[in-house]
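See structure below.
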Amino acid sequence: MNATPYKGRFAPSPTGPLHFGSLVAAVASYLQARSRDGQWFLRIEDIDPLREPAGASEQIIRTLQDFGFEWDGELIFQSQRSEHYLAALASLQDQHWTYPCSCSRKQIADHSTSGPYGPIYPGSCRLGPLDATRPCALRLRVTDDEIQFHDAVYGAQQSVLSKDLGDFVLQRADGLFAYQLAVVVDDSLQGITEVVRGSDLLDNTARQIHLHHCLGLSTPDYVHLPLVLNEAGQKLSKQTFAPALDSDARQRLLVAALAFLGQPVPDELASLPLAQIWDHAIHHWSLAAVSPHNRSLSPGIDP
Ligand code: GLU
């Protein structure tokens, strides 16, 4: 019997250049796919033009090419896929899963209790928008059911969305689609069998599983990865001024990413040609060697 062919993806938001933390996520998702003879897709999650510096997508694509990543099939840009997101919203609306919400951030802050991810939306507009003259966001109803899933690195996870978060936004009042909607629609349409990404997104997963269920879709498997921290203990990100990946140091950085992921890195590995480093990495890849702990790079390794 044939198992479902593996399909993975890397899905960066072009809010700035890739940094060493992005490389770790890209490498792990690539190796999970290539070590299983699976497919690996690249999807640019450019759904928020206000957060995207000009040229950021092109720079990300060029950097991935410089580092030797080879994606399968068509390169996808979420900015060109509105019709799919609108179709999903229409289907959710037909089933009364969504409703328009006129609440401002301030109104929500004033009328909510605080949960693990911020204010828990109190459902103020569930029976109709409180102020129908304001532009409305679209929210997805959540339930009291416990959502459970198994993460391959972090183990058993559970969340009751009504207690942790409340109904959440799928389309903003300015019309932009929310990440939760676009990521679920595309993971499903692309037939992604396993999502591999940073553990900063672990707590988004229950929302995405709920949305898959509301749309009648099966869910992928999930692997979340430890985060790379800077010397101040902060996650590498644009906000913490993480340096852009330097393509001239690709071998050294690729080997540092493998070491961060707990993979074997013989002394001479960084001096080999890029293709040989990838061959080595694919043949020795072991997800079991990835430790769940966020940490900085070993002293002496400069991303
Ligand atoms: N676009 C998201 C980001 O760059 C990642 C989405 C995902 O992997 O699910 O943070």
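The values are calculated or read from the model by the stated rules, or taken from the named source; none is laboratory data. As the structure is a prediction and not an experimental result, all values here were calculated from the model. Every residue, glycine among them, receives a Cβ derived from its backbone with ideal geometry; neighbour counts consider all protein chains shown. To get the accessible areas, we keep the full protein, side chains included, count just its heavy atoms, and leave off ligands, DNA and RNA. Shrake-Rupley method; radii C 1.70, N 1.55, O 1.52, S 1.80 Å.
Run through all the Cα pairs of region 19-137 and give the fraction in each 5 Å bin from 0, expressed as whole percent.
Here the calculated profile for region 19-137 is 2, 8, 12, 14, 13, 14, 12, 12, 9, 4, 1.
Specify the angular offset, from 0 to 90 degrees and rounded to the nearest 10, of the alpha carbon long axis of helix 250-260 from the longest principal axis of the alpha carbons in the chain.
70 degrees
I'd like to check one number: the per residue accessible area of the chain, probe 1.4 Å, reported in Å² as a whole number.
Numbers: 14630 Å² over 303 residues.
Here the per-residue accessible area is 48 Å².
Among 104, 11, 202, pick out the residue whose Cα is farthest towards the positive end of the charge dipole of the chain, where Lys and Arg carry +1 and Asp and Glu carry -1 on C-beta, about the Cα centre.
Farthest towards the positive end: 104.
Can you give me the three principal axis dimensions of region 90-130 from its C-alpha atoms, in Å, biggest first?
Principal extents (Cα only, largest first): 31, 23, 13 Å.
Bins of 10 Å, beginning at zero and ending with the bin holding the largest distance: percent of Cα pairs per bin for region 64-204, please.
Spelled out bin by bin, region 64-204 gives 10, 33, 35, 17, 5, 0 percent.
Starting from the Cα-Cα distance between residue 286 and residue 144, subtract it from 0.36 nm times their residue separation and give me the gain in nm to one decimal.
Result: 47.4 nm gained on full extension.
What is the angle, in °, between the Cα long axis of helix 82-94 and the longest principal axis of the Cα atoms in the chain? Nearest 10 is fine, range 0 to 90.
Helix 82-94 sits roughly 40 degrees off the main axis of the chain.
Calculate the dipole size of region 207-303 relative to its Cα centre from +1 charges on Lys and Arg beta carbons and -1 charges on Asp and Glu beta carbons; express the result in debye to the nearest 20.
It works out to roughly 440 debye.
In region 53-178, what percent of the accessible surface is made up of carbon and sulfur (1.4 Å probe, ligands and nucleic acids excluded)?
Looking at region 53-178 in its full context, I get 50 percent from C and S.
For region 196-258, max minus min Cα coordinate along each principal axis, in Å, sorted largest first?
46, 25, 15
Determine, at each q value in 0.11, 0.14 (inverse angstroms), the log₁₀ of I(q)/I(0) that the Debye formula gives when each Cα of the chain is one equal point scatterer.
-0.71, -1.12
Considering the zone a paramagnetic label at residue 74 would reach in this model (a point 7 Å from Cα along the Cα-to-Cβ line), which residues of region 17-48 have amide N under 16 Å from it?
The answer is 41-46.
Can you work out the PRE-style zone for residue 134? Point 7 Å along Cα to Cβ, and I want the residues of region 66-105 with backbone N under 20 Å.
From region 66-105, the list is 98-105.
Less than 14 Å apart at the alpha-carbon level, and either on another chain or at least 8 residues along: which aspartates and glutamates does that give for residue 235?
Reachable aspartates and glutamates: 200.
What is the distance, in nm, between label points placed 7 Å from the Cα along the Cα-to-Cβ direction at residue 267 and at residue 239?
Result for the modelled spin labels: 4.3 nm.
For the pair residue 163 and residue 3, what calculated FRET efficiency results from E = 1/(1 + (r/R0)^6), where r is the Cβ-Cβ distance and R0 = 35 Å, to the nearest 0.05?
0.45
If each residue of separation counts as 0.36 nm, what is the full-extension length gain between residue 94 and residue 217 once their alpha-carbon separation is subtracted? Display every interim value, and only then the final one.
Numbers: separation 123, 0.36 × 123 = 44.28 nm, distance 1.60 nm.
Taking 0.36 nm per residue and subtracting the Cα distance, the gain is 42.7 nm.
Report residue 103's accessible area, 1.4 Å probe, all protein chains in place, as a number in Å² to the nearest 10.
We get 20 Å² for residue 103.
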